[in-house]
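The values are calculated or read from the model by the stated rules, or taken from the named source; none is laboratory data. Just so you know, these numbers come straight off a predicted model, no measurement behind them. Reconstructed Cβ throughout: ideal geometry from the backbone, glycine too, with neighbour counts over all protein chains shown.
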Amino acid sequence: DGLDDMAEDLKKITDSGVHLLGLINDILDLSKIEAGKMELFITDIEIEGVISVLRSMGEPLAAKNNSRIEFNVADDIGGMRNDETRHRQCLINLLTNACKFTEDGVVTVSAQAMRLAGVDWLNFEIADTGIGMNEQQVIKVFEEFTQAESSTSKDYGGTGLGLPISKKMAEMMGGIMEVESEEGKGTTFSITIPVVVEEVKE
C-alpha cells in the first residue's frame, strides 16, 4: 500500500517469528528423541529428488553471502529406503550452516554410494570454505544449545540445536555424522546412512 516506512518493522517481526518457530520445533524434536518417541516413516525415496530440494534451497542462501554452491552427485546415484523428511532435515541443517558461515566462497554438496562390511551405504558430504573451527570448537559442535564461540550466536544467529538434532537423527537411521574443520579454511560435515533403513536405532 505504499507504506514503505513499515517494511523494516515488519521484517523484524517476521524474522523474530521464524526464529521462535525454529526454536520451538527444535526443542520438540529434541524432546521426542530423548524420550524415545521419535518415529521414522520409512519409504522408498529417490536421491535425485532430495538433491533437487537442496539445490533450490541452497542456491539463494549461498548467493546471499556472495558464495556459490556446487553439486558432485552421480546421475545414477539411485534411491534408498529411509525417512525422507528426517533425512532431508539433516541435510538442510548442514547446508544452511555451510551457507551461513561462508562468505565469498564455495559450498559443495557431494553424494556417493559405498559398500562396507557387506552393507550398502550412501555418504553425503557438505563442505564449505567458510570460517571453520579450531580443535576445541569441533569437540563441542554437537553439544546441545552450544555454538562454537559465544559470539557466534550474536554474529550469525541460531539456537545451537540443529547439529545435535541432525546427529541424533542420523544415528536413529543407523548412520553416523562426522565433522572435519580447520579454522579459517572451512568445514566438512558428512552423513553416512544405510541404503535400507529398517528400524530406529536408540
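Residues that are modelled with pLDDT of 85 or more and surrounded by fewer than 15 Cβ atoms within 10 Å (Cβ to Cβ) number at least 1 in the following strands (runs of 3 or more DSSP E) confined to the range 91-194: 106-116, 119-128, 176-182. Only residues that are exposed (fewer than 14 other Cβ atoms within 10 Å of the Cβ) and within 16 Å of GLU103 (Cβ to Cβ) were counted in the range 52-69, giving 4.
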